[in-house]
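Trainee: Below you'll find the structure I mean.
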Amino acid sequence: MSAPLLAIRDLRVAYGKVEAVRGVSLTVEAGRVVTVLGANGAGKTTLLNALMGVLPATGGIRFDGRDLARLPVEERVDLGLSLIPERRELFGSMSVEDNLRLGAFRFRGRNRGDLDAMFALFPRLKERRRQLAGTLSGGERQMLAMARALMGRPRLLMLDEPSLGLAPLIVAEVMRTVARLRDEGVAVLLVEQNARAALAVADHGFVLDGGAVVLEGPSAALQADKRVIETYLGVLAADAQG
Ligand code: ATP
(Lines give C-alpha, C1' and ligand atoms only; values in the text may rest on other atoms or scores of the structure.)
Protein backbone atom coordinates (compact mmCIF):
# COMPACT_ATOMS: atom_id res chain seq x y z
CA MET A 1 0.00 0.00 0.00
CA SER A 2 1.23 3.51 -0.74
CA ALA A 3 2.17 5.89 2.07
CA PRO A 4 -0.69 8.01 3.44
CA LEU A 5 -1.03 11.62 2.29
CA LEU A 6 -1.03 12.86 5.88
CA ALA A 7 0.52 11.00 8.78
CA ILE A 8 0.50 12.46 12.28
CA ARG A 9 2.43 10.74 15.04
CA ASP A 10 2.23 11.50 18.76
CA LEU A 11 1.23 15.13 18.19
CA ARG A 12 1.16 17.30 21.29
CA VAL A 13 0.01 20.90 21.60
CA ALA A 14 -0.04 22.90 24.82
CA TYR A 15 -1.40 26.31 25.83
CA GLY A 16 1.12 27.13 28.53
CA LYS A 17 0.98 24.25 30.99
CA VAL A 18 -2.32 22.91 29.69
CA GLU A 19 -1.93 20.19 27.09
CA ALA A 20 -4.90 20.42 24.67
CA VAL A 21 -3.72 17.73 22.23
CA ARG A 22 -2.10 14.77 24.01
CA GLY A 23 -0.26 12.47 21.69
CA VAL A 24 -2.59 12.16 18.71
CA SER A 25 -1.66 9.80 15.88
CA LEU A 26 -3.76 9.55 12.76
CA THR A 27 -3.48 9.15 9.00
CA VAL A 28 -5.40 10.37 5.98
CA GLU A 29 -5.04 8.44 2.73
CA ALA A 30 -5.12 10.36 -0.55
CA GLY A 31 -8.64 10.90 -1.86
CA ARG A 32 -10.33 9.88 1.40
CA VAL A 33 -12.63 11.66 3.80
CA VAL A 34 -11.53 11.22 7.41
CA THR A 35 -13.52 12.68 10.26
CA VAL A 36 -12.37 13.71 13.71
CA LEU A 37 -15.30 13.71 16.12
CA GLY A 38 -15.43 15.15 19.58
CA ALA A 39 -17.38 17.36 21.97
CA ASN A 40 -16.64 21.01 22.73
CA GLY A 41 -13.11 21.38 24.03
CA ALA A 42 -11.92 17.95 22.89
CA GLY A 43 -9.02 19.59 21.07
CA LYS A 44 -10.29 19.46 17.48
CA THR A 45 -9.59 23.08 16.52
CA THR A 46 -6.23 22.96 18.26
CA LEU A 47 -5.30 19.88 16.21
CA LEU A 48 -6.19 21.62 12.92
CA ASN A 49 -4.29 24.77 13.84
CA ALA A 50 -1.20 22.72 14.67
CA LEU A 51 -1.45 20.89 11.32
CA MET A 52 -1.67 24.21 9.50
CA GLY A 53 1.33 25.53 11.42
CA VAL A 54 -0.58 28.27 13.24
CA LEU A 55 0.23 26.70 16.63
CA PRO A 56 3.54 25.14 17.66
CA ALA A 57 3.42 21.40 18.28
CA THR A 58 5.71 18.49 19.02
CA GLY A 59 5.56 15.12 17.34
CA GLY A 60 5.62 14.10 13.70
CA ILE A 61 3.60 15.57 10.84
CA ARG A 62 4.34 14.11 7.42
CA PHE A 63 2.52 15.24 4.29
CA ASP A 64 3.13 13.38 1.06
CA GLY A 65 6.29 11.98 2.62
CA ARG A 66 7.65 15.39 3.68
CA ASP A 67 8.26 16.44 7.26
CA LEU A 68 6.11 19.50 7.94
CA ALA A 69 7.13 20.02 11.54
CA ARG A 70 9.38 23.00 10.89
CA LEU A 71 7.62 24.52 7.89
CA PRO A 72 5.80 27.86 8.20
CA VAL A 73 2.12 28.19 7.22
CA GLU A 74 2.83 29.55 3.69
CA GLU A 75 4.94 26.55 2.78
CA ARG A 76 2.28 24.16 4.05
CA VAL A 77 -0.22 25.99 1.82
CA ASP A 78 2.16 25.66 -1.13
CA LEU A 79 2.39 21.90 -0.51
CA GLY A 80 -1.40 21.64 -0.70
CA LEU A 81 -2.86 22.02 2.79
CA SER A 82 -5.87 24.24 3.24
CA LEU A 83 -7.91 25.02 6.37
CA ILE A 84 -11.40 26.44 6.52
CA PRO A 85 -11.78 27.70 10.08
CA GLU A 86 -15.04 27.46 11.98
CA ARG A 87 -15.68 31.19 11.47
CA ARG A 88 -15.23 30.78 7.68
CA GLU A 89 -13.54 34.19 7.44
CA LEU A 90 -14.96 35.51 4.22
CA PHE A 91 -14.63 39.12 3.11
CA GLY A 92 -18.20 40.24 3.77
CA SER A 93 -18.00 43.53 1.92
CA MET A 94 -16.58 41.93 -1.23
CA SER A 95 -18.54 40.09 -3.91
CA VAL A 96 -18.76 36.31 -4.10
CA GLU A 97 -16.61 36.38 -7.23
CA ASP A 98 -13.90 38.53 -5.66
CA ASN A 99 -13.78 36.23 -2.63
CA LEU A 100 -13.20 33.33 -5.02
CA ARG A 101 -10.47 35.20 -6.91
CA LEU A 102 -8.70 35.85 -3.63
CA GLY A 103 -8.67 32.10 -3.03
CA ALA A 104 -6.40 31.80 -6.08
CA PHE A 105 -4.17 34.62 -4.88
CA ARG A 106 -1.08 32.42 -4.73
CA PHE A 107 -1.36 31.73 -8.48
CA ARG A 108 -1.28 35.47 -9.23
CA GLY A 109 -4.02 35.42 -11.84
CA ARG A 110 -2.80 32.31 -13.65
CA ASN A 111 -5.83 30.11 -13.07
CA ARG A 112 -8.89 31.91 -14.43
CA GLY A 113 -10.32 28.59 -15.56
CA ASP A 114 -10.90 27.49 -12.00
CA LEU A 115 -13.54 30.15 -11.48
CA ASP A 116 -15.75 28.46 -14.09
CA ALA A 117 -15.05 25.08 -12.53
CA MET A 118 -16.18 26.45 -9.14
CA PHE A 119 -19.35 27.88 -10.63
CA ALA A 120 -20.06 24.48 -12.18
CA LEU A 121 -19.57 22.81 -8.79
CA PHE A 122 -21.57 25.49 -6.93
CA PRO A 123 -24.29 26.83 -9.28
CA ARG A 124 -25.79 28.89 -6.45
CA LEU A 125 -22.57 30.86 -6.16
CA LYS A 126 -22.69 31.57 -9.87
CA GLU A 127 -26.19 33.02 -9.50
CA ARG A 128 -24.92 35.18 -6.67
CA ARG A 129 -21.50 36.04 -8.07
CA ARG A 130 -22.04 39.81 -7.84
CA GLN A 131 -23.68 39.71 -4.41
CA LEU A 132 -21.68 40.75 -1.33
CA ALA A 133 -20.48 37.73 0.65
CA GLY A 134 -21.89 39.27 3.84
CA THR A 135 -25.43 39.01 2.49
CA LEU A 136 -25.30 35.23 1.86
CA SER A 137 -27.15 32.69 3.99
CA GLY A 138 -25.16 30.50 6.39
CA GLY A 139 -25.18 27.56 3.97
CA GLU A 140 -24.11 29.73 1.06
CA ARG A 141 -21.29 31.17 3.14
CA GLN A 142 -20.01 27.66 3.92
CA MET A 143 -20.19 26.80 0.20
CA LEU A 144 -18.28 29.99 -0.64
CA ALA A 145 -15.64 29.19 1.98
CA MET A 146 -15.19 25.74 0.43
CA ALA A 147 -15.09 27.07 -3.11
CA ARG A 148 -12.60 29.74 -2.15
CA ALA A 149 -10.34 27.14 -0.53
CA LEU A 150 -10.61 24.95 -3.65
CA MET A 151 -9.44 27.86 -5.80
CA GLY A 152 -6.06 27.30 -4.13
CA ARG A 153 -6.08 23.69 -5.47
CA PRO A 154 -5.46 21.96 -2.14
CA ARG A 155 -4.65 18.27 -1.89
CA LEU A 156 -5.95 18.11 1.66
CA LEU A 157 -8.86 20.28 2.71
CA MET A 158 -9.39 20.62 6.46
CA LEU A 159 -12.85 21.71 7.56
CA ASP A 160 -13.56 22.86 11.10
CA GLU A 161 -17.21 22.11 11.94
CA PRO A 162 -18.73 23.05 8.59
CA SER A 163 -22.20 22.06 9.87
CA LEU A 164 -22.15 24.58 12.72
CA GLY A 165 -25.27 26.73 12.80
CA LEU A 166 -26.77 25.19 9.66
CA ALA A 167 -30.20 23.60 9.26
CA PRO A 168 -30.20 19.81 8.70
CA LEU A 169 -31.02 20.04 4.98
CA ILE A 170 -28.14 22.46 4.44
CA VAL A 171 -25.81 20.23 6.48
CA ALA A 172 -26.68 17.38 4.12
CA GLU A 173 -25.83 19.61 1.15
CA VAL A 174 -22.46 20.52 2.67
CA MET A 175 -21.72 16.82 3.25
CA ARG A 176 -22.69 15.98 -0.34
CA THR A 177 -20.18 18.59 -1.45
CA VAL A 178 -17.53 16.94 0.72
CA ALA A 179 -18.30 13.64 -1.03
CA ARG A 180 -17.92 15.32 -4.43
CA LEU A 181 -14.51 16.69 -3.43
CA ARG A 182 -13.41 13.15 -2.65
CA ASP A 183 -14.65 12.10 -6.10
CA GLU A 184 -12.41 14.80 -7.56
CA GLY A 185 -9.41 13.45 -5.67
CA VAL A 186 -9.19 15.97 -2.82
CA ALA A 187 -8.63 14.39 0.59
CA VAL A 188 -10.72 15.88 3.38
CA LEU A 189 -10.10 16.04 7.12
CA LEU A 190 -13.52 16.80 8.53
CA VAL A 191 -13.71 17.97 12.13
CA GLU A 192 -17.25 17.73 13.47
CA GLN A 193 -19.44 17.60 16.54
CA ASN A 194 -22.26 16.39 14.30
CA ALA A 195 -21.20 12.73 14.32
CA ARG A 196 -24.22 11.50 12.40
CA ALA A 197 -23.65 13.81 9.43
CA ALA A 198 -19.88 13.33 9.44
CA LEU A 199 -19.94 9.52 9.65
CA ALA A 200 -22.46 9.40 6.82
CA VAL A 201 -19.87 10.86 4.43
CA ALA A 202 -16.51 9.85 5.93
CA ASP A 203 -14.57 6.70 5.09
CA HIS A 204 -12.86 6.55 8.46
CA GLY A 205 -13.26 8.29 11.78
CA PHE A 206 -11.37 9.16 14.95
CA VAL A 207 -13.02 10.13 18.22
CA LEU A 208 -11.15 12.72 20.26
CA ASP A 209 -11.78 13.13 23.96
CA GLY A 210 -9.68 15.24 26.31
CA GLY A 211 -7.10 15.79 23.57
CA ALA A 212 -6.53 12.07 22.89
CA VAL A 213 -7.90 9.57 20.37
CA VAL A 214 -10.18 7.22 22.31
CA LEU A 215 -11.67 5.33 19.39
CA GLU A 216 -11.01 4.92 15.68
CA GLY A 217 -12.26 2.84 12.81
CA PRO A 218 -14.10 2.70 9.51
CA SER A 219 -17.21 4.91 9.60
CA ALA A 220 -19.57 1.93 9.40
CA ALA A 221 -17.94 0.38 12.47
CA LEU A 222 -18.14 3.65 14.42
CA GLN A 223 -21.81 4.10 13.47
CA ALA A 224 -22.49 0.70 15.00
CA ASP A 225 -20.28 1.20 18.08
CA LYS A 226 -22.21 1.29 21.32
CA ARG A 227 -20.03 4.01 22.84
CA VAL A 228 -20.41 6.24 19.77
CA ILE A 229 -24.17 5.70 19.70
CA GLU A 230 -24.56 6.51 23.38
CA THR A 231 -22.21 9.47 23.52
CA TYR A 232 -22.51 11.08 20.10
CA LEU A 233 -25.38 9.68 18.06
CA GLY A 234 -27.97 9.27 20.81
CA VAL A 235 -27.84 12.88 21.92
CA LEU A 236 -27.90 14.17 18.37
CA ALA A 237 -30.82 11.92 17.48
CA ALA A 238 -32.76 13.36 20.44
CA ASP A 239 -31.83 16.89 19.32
CA ALA A 240 -32.94 16.24 15.76
CA GLN A 241 -36.35 15.08 16.97
CA GLY A 242 -36.64 18.35 18.87
P1 ATP B 1 -14.84 23.46 19.97
O2 ATP B 1 -15.80 22.53 19.41
O3 ATP B 1 -15.39 24.28 21.11
O4 ATP B 1 -14.11 24.31 18.98
P5 ATP B 1 -12.49 21.86 20.17
O6 ATP B 1 -12.63 20.40 20.23
O7 ATP B 1 -12.14 22.46 18.88
O8 ATP B 1 -13.79 22.54 20.72
P9 ATP B 1 -10.24 23.27 21.19
O10 ATP B 1 -10.78 24.60 20.80
O11 ATP B 1 -9.15 22.72 20.40
O12 ATP B 1 -11.42 22.22 21.25
O13 ATP B 1 -9.82 23.35 22.73
C14 ATP B 1 -9.16 22.30 23.41
C15 ATP B 1 -8.81 22.73 24.82
O16 ATP B 1 -7.83 23.77 24.79
C17 ATP B 1 -9.98 23.27 25.62
O18 ATP B 1 -9.86 22.83 26.94
C19 ATP B 1 -9.81 24.76 25.54
O20 ATP B 1 -10.34 25.39 26.67
C21 ATP B 1 -8.31 24.92 25.46
N22 ATP B 1 -7.93 26.10 24.66
C23 ATP B 1 -8.30 26.37 23.40
N24 ATP B 1 -7.76 27.51 22.96
C25 ATP B 1 -7.01 28.00 23.99
C26 ATP B 1 -6.18 29.16 24.18
N27 ATP B 1 -6.00 30.04 23.20
N28 ATP B 1 -5.58 29.30 25.37
C29 ATP B 1 -5.76 28.40 26.36
N30 ATP B 1 -6.50 27.30 26.25
C31 ATP B 1 -7.13 27.09 25.09
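Trainee: Please report, as a whole percent, how much of the solvent-accessible surface of the stretch 1-88 comes from carbon and sulfur atoms (probe radius 1.4 Å).
Mentor: Using a 1.4 Å probe with all protein chains present, the stretch 1-88 comes out at 49 percent carbon and sulfur.
Trainee: Can you grab the distance from the C-alpha centre of the stretch 85-103 to the C-alpha centre of the stretch 17-83, Å, no decimals?
Mentor: Taking the Cα centre of each part, the stretch 85-103 and the stretch 17-83 sit 23 Å apart.
Trainee: Considering only DSSP beta bridges where both residues belong to the chain, give the percentage that are antiparallel (nearest 5).
Mentor: Taking every DSSP beta bridge within the chain, about 55 percent pair in antiparallel fashion.
Trainee: How compact is the stretch 90-153 by the rule of thumb for globular proteins, expressed as Cα Rg over 2.2 N^0.38 Å?
Mentor: Normalised Rg, Cα atoms only: 0.97.
Trainee: Please state, to two decimals, what the Cα-based radius of gyration of the chain comes to when divided by 2.2 N^0.38 Å (N = residues).
Mentor: Cα-based Rg divided by the globular estimate yields 0.99.
Trainee: Using a Förster distance of 51 Å, how high is the FRET efficiency between D116 and K17, based on the Cβ-Cβ distance and rounded to 0.05?
Mentor: 0.50
Trainee: Please work out the average accessible area per residue across the chain, using the 1.4 Å probe convention, and give it in Å².
Mentor: Per-residue accessible area for the chain comes out at 49 Å².
Trainee: Give, in nm to one decimal, the length gained when the segment between L164 and Q131 is fully stretched (0.36 nm per residue of separation minus the Cα-Cα distance).
Mentor: 9.6 nm
The values are calculated or read from the model by the stated rules, or taken from the named source; none is laboratory data. Note that the structure is predicted; figures quoted are calculated from it, not measured. Methodologically, a virtual Cβ is constructed for each residue, glycine included, from the backbone with ideal geometry; neighbour enumeration extends over all protein chains shown. Each accessible area value is taken on the protein alone, full model and side chains, heavy atoms only, with ligands, DNA and RNA left out. Shrake-Rupley method; radii C 1.70, N 1.55, O 1.52, S 1.80 Å.
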